[in-house]
1. Need one number for the stretch 146-223: average projected area of the convex hull over its C-alpha atoms, nm².
2. Taking neighbour counts of Cβ atoms within 10 Å as a proxy for exposure, in what order, fewest first, do Asp51, Asp279, Asp183 appear?
3. Just the ratio, please: alpha-carbon radius of gyration of the stretch 47-194 over 2.2 N^0.38 Å, N its number of residues.
4. Just how large is the dipole of the chain about the Cα centre, in debye to the nearest 20, putting +1 at every Lys and Arg Cβ and -1 at every Asp and Glu Cβ?
5. When averaged across all projection directions, what area in nm² does the alpha-carbon convex hull of the chain cover?
6. Taking Cα atoms of the stretch 226-306, Rg/Rh with Kirkwood Rh, to two decimals?
7. Putting +1 on Lys and Arg Cβ atoms and -1 on Asp and Glu Cβ atoms, find which of Ala34, Ile192, Ile168 reaches farthest to the positive end of the dipole of the chain.
8. Pairs of Cα atoms under 8 Å, at least six residues apart: use those to get the relative contact order of the chain, whole percent.
Amino acid sequence: MALGIGYYVGTRVSKAELNHPVTKWYDRAALIGAVVGPVAVWAVVRQINNDLTAVLVVGVVIVGAIVGTAIGWLAGLAARRRARTEIKIPAIAASAATAAVAAVVGWVLFEKLINSITWPSAKQRIPFPQIDVVTGTAIEIGGVTIQRSAIFTMGALAICAILLWFFINRTRLGRGMQAVSQDPDTARLMGINVDRIIVVAFALGAVLAAIAGVSQGLQNNNIDFRMGFLAGLKAFTAAVLGGIGNIYGAVVGGLVLGVIEAMATQYIPGQFGGSTWKDVWAFVILILVLVFRPQGLLGARVVDRA
């Protein structure tokens, strides 16, 4: 079979070399040029004329096949000194014709698919699905109004915190994650699959982020492409406030940050109060923590020893 292929493309290599696959790009320079030519012709024609007619399609296929064959032949000549194979004109022409037809048919199918689907606008707010149990009428307790979405958020926080604590401290995989976070090289020597731990950590973060996104969508009733930016900054602030690397600190930091924002909105009078200034006070707290207690509220001070 290898000898047959070598005879077809006009090979100049030995029988031993035929047993090894061709992996260098210049060995396929002629075929690459034959494919690039028709695609370039189709792109130029589409820029000049947007009307898709049968005559235009046939013309593009014929011209693209000719141009692709010429470019492939020239590319084969340019790479002839380095290439281990010499691809003949019939193979180049077949590749060029196939690429010309594929470019036209592929673009037509792609255009039909794009026009047949109603794509949502990325700049518009999209209504988030409502759940009666979670997003129903607010609950009145002793004159205090509590939104059901807030109860869902607090419940999700408690459940996720408990499950995360159990996973980190009571499972073999969680303990391996702690070991990798402290010293990945030593953990690898102890037989821990560091790559697997990293994948699990990213997957766990994605799950928690999904739960947080659902909670925020239920609370805001709408979602948009900017909703996660400020939430991410607040999450970083909460992590720093509680202590980087401390799970309990992140929970406490988030709760403290929320209480501070609520109190600043309610009790600070004048132009520096109100809901418009709550984000400012949150980052003021972050700056104060970084200046006076960089390790956070629950973080331990790390001392470097000689």
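1. Result: 5.9 nm².
2. The order, fewest Cβ neighbours first, is Asp51, Asp183, Asp279.
3. Cα Rg divided by the expected 2.2 N^0.38 Å: 2.15.
4. Rounded to the nearest 20 debye, it is 1000 debye.
5. 30.6
6. So for the stretch 226-306, dividing Rg by the Kirkwood Rh gives 1.05.
7. The residue sitting most towards the positive pole is Ala34.
8. Values: 314 pairs, mean separation 40.1, N = 306.
Relative contact order comes out at 13 percent.
Coordinate-derived values only; no laboratory data. Because the structure is a prediction, the values reported are computed rather than measured. Note that we place each Cβ from the backbone using ideal geometry, even for glycine, and neighbour counts take in every protein chain shown.
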